[in-house]
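Working notes, beginning with the structure itself.
The values are calculated or read from the model by the stated rules, or taken from the named source; none is laboratory data. Remember, it's a predicted structure, so these values are computed and weren't measured experimentally. Neighbour counts are summed over all protein chains in view; Cβ atoms, including those assigned to glycine, are modelled from backbone coordinates with ideal geometry. In case anyone asks, the SASA skips ligands and DNA or RNA and just uses the protein heavy atoms, side chains included. Shrake-Rupley method; radii C 1.70, N 1.55, O 1.52, S 1.80 Å.
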Amino acid sequence: MKLPDLLYLKSGRIMMSGNPKRIARIFLNEWAKEGYRVLAEELPFVVNGEVFVGNPMENPDFDVYFVVNPLSKSKAEKERLYQWLEERKDKLILLYEGKYVGDSITRYRIKDFIDYLIAYRWETVGTEVVKLYRLENGRVTESRELMRKS
């Protein structure tokens with residue numbers, strides 16, 4: 001399992017945590033360039049490709065969905081999101097969370113509805129750390145850590 005492999009998925013639910021703007025931008029730009037129709041709940045950064053903005057849960061005709069801060073939603077919104085994620089296993093869904101969630105993903109119910117977690121962290125010594133997790137049925141089945149010094 002490598003980070004670039006996730007760019008070429010045809011379906012799957014990927015959660016990114018730790019405010020990884022650059023990584024999320026790469027994903028959305030690549031998918032838009034590949035011709036996928038992308039719908040974003042909102043865009044916390046600039047994207048070069050064509051991305052529509054709207055409510056993902058009310059627009060079923062897109063190939064890729066971008067949902068922002070799923071862990072910060074109200075209890076009712078989370079329940080609606082979980083049901084929606086369960087129904088959209090055939091789509092590409094990118095969940096973008098501002099706060100860092102790595103190994104602690106097992107404490108959140110969303111673990112049952114995602115296939116991959118990309119946890120991004122900037123360390124004080126000028127190092128970026130990306131932890132990549134593969135989840136199956138809410139359990140981490142594979143993990144990998146990538147580091148980049150700047």
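Between residues in segment 28-43 that are free of Cβ contacts under 8 Å to residues at least 24 places away in the same chain and residues that are part of a helix (DSSP H, G or I) and open to solvent by 20 Å² or more (accessible area, probe 1.4 Å), which pairs lie under 7 Å by C-beta distance while being six or more apart or on different chains? If the second residue must be part of a helix (DSSP H, G or I) and open to solvent by 20 Å² or more (accessible area, probe 1.4 Å), the pairs left are E30/L7. Do we have any residue at all in segment 13-34 that's open to solvent by 80 Å² or more (accessible area, probe 1.4 Å), farther than 26 Å from S104 by Cβ and charged (D, E, K, R)? Yes - at least one qualifying residue is present in segment 13-34.
Do we have any residue at all in segment 56-68 that's touching a residue at least 24 places away in the same chain (Cβ under 8 Å) and among the acidic types (D, E)?
Kept after step one, since they are touching a residue at least 24 places away in the same chain (Cβ under 8 Å), are these residues of segment 56-68: 56-57, 61-68.
Remaining after also requiring among the acidic types (D, E): 61, 63.
Checking segment 56-68: at least one residue is touching a residue at least 24 places away in the same chain (Cβ under 8 Å) and among the acidic types (D, E).
Just name the residue that is modelled with the lowest pLDDT out of those in segment 1-23 that are hydrophobic (A, V, I, L, M, F, W, C) and more than 14 Å from N69 (Cα to Cα). Looking at the filtered set, the residue picked out is M1.
Being surrounded by fewer than 11 Cβ atoms within 10 Å (Cβ to Cβ) and closer than 30 Å to E58 by Cβ, is that true of even one residue in segment 113-129? Within segment 113-129 (the criterion being surrounded by fewer than 11 Cβ atoms within 10 Å (Cβ to Cβ) and closer than 30 Å to E58 by Cβ), the answer is no, since none of the residues qualifies.
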